[in-house]
């Protein structure tokens, strides 16, 4: 039986499931939980802990129609500069709640468009961060870059502060596709930014590409993939476009009739996998690719790959501190999310230095399910023995899940030394399988296509 028949039988082409960059997904966060717990959780961080930091810059000069991120348009830098001043107040308030010996292992600026900041405002922000947090010996600093908003003096500012990885959004190089998603961006603009970063010895470049966009065909997408290969990135993220206009109103500008159907989405994803693996890249999880000597490839090979809100990572820190409007912090006890509206965020910070309004307190069972889903998403395994050792009070639940998997998905799993292991040809089903085990009731409209 063909893979298509297997995928159809298990509902891949109809399923809408979480991307599982967190467990539980953020739509299960509840109001008040983050605000009640955030400061207590911060004060409980042990001495000497390495933490990761994410800073959200929600502003863009243009609002791309495909994007479902928490962003807002701006024509002037006044609101951006004011926002950064408030960001620094939040950073210092959180730092005062942590032990003195906490170190920063990762710093990531995302958005929005972080490179919308002027060099002076970026300097203000980064001086604040580095004054608050001493970086760990293996510190990494990454930034999301829009090649159409990446002035050389701003890039140089980032480099001067120790930029180690740049993540550039490509999406698609087809002019017809770009017009349909409201994001004109030439190949030359992207090449110029990459050349500048390479000449300044930025050690790692990541490119983000989307499949499932309007007017994409196998022929046009393959041309984009060829251009991407020629840019010689160290890492690639090939995401499926999530068409959720009920959640992101700007997506109404994209006509549903122009979108590839689910079979074509699968074919586009398979084309990316084939092109990159045939050209020396190693597949990581369901949507990342790296060169064999990349640290992400090493994490995958050694079983240390993890998943967070930025996708797949080799970051081993158990604590992620999110700063800015809508940013999410993850601590061992649970999640705390800042209010998404920039005005409300700034009001809360001015009032008491904290802006959390939603969150989720993790039970032991939640932590067990989080491990189950991370094992599936990162390693394609269900290791009953390891799970039982880590969560002995849930031995019966773990056993029941193993039995259920073999009853429901016996044709796509096999038994190995790691436990139940998903066959490589069935990797596209992993989000469906994770959703099958996830007993939290979720409306399908809250999520995107499983492909």
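Worth pointing out:
- Sequence of 264, 401 once ranked by neighbouring C-beta atoms within 10 Å, starting from the fewest: 264, 401
- Prolate/oblate/rounded label for the range 255-399 (Cα gyration tensor, a/c 1.5): oblate
- Theoretical ellipticity at 222 nm over the chain - DSSP helices of four or more residues, -39500 (n - 2.57) apiece, nearest 500: -12000 deg cm²/dmol
- Normalised contact order of the chain, rounded percent, pairs of Cα under 8 Å and 6 or more residues apart: 22
- With a simple spin-label model that places each label point 7 Å from the Cα along the Cα-to-Cβ direction, the separation between residue 253 and residue 226 comes to 3.0 nm.
- DSSP beta bridges in the range 18-361 [antiparallel fraction, %, rounded to 5]: 35
- In nm, spacing of pseudo-spin labels at residue 246 and residue 191 (7 Å Cα→C-beta vector): 4.4
- Förster-model FRET efficiency, 30 Å R0, residue 316 and residue 179, C-beta, rounded to 0.05: 0.10
- Gyration tensor (alpha-carbon) shape descriptor, the range 364-449, a/c threshold 1.5: oblate
- Computed FRET value (nearest 0.05) for residue 153 with residue 344, which takes r as the C-beta separation and R₀ as 25 Å: 0.15
- Ordering 41, 65, 246 from the fewest to the most neighbouring beta carbons within 10 Å gives 246, 65, 41.
- Extension gain for residue 407-residue 75 works out to 113.9 nm (0.36 nm per residue, less the C-alpha to C-alpha distance).
- Here the spin labels are modelled as points 7 Å beyond Cα on the Cα-Cβ line, and at residue 131 and residue 200 they lie 2.3 nm apart.
Every number in this text was worked out from the coordinates using simple rules, so none of it is lab data. Bear in mind the structure is a predicted one, so any value in this text is a computation, not a measurement. Cβ sites come from the backbone with ideal geometry, for glycine too, and all protein chains shown count toward neighbours.
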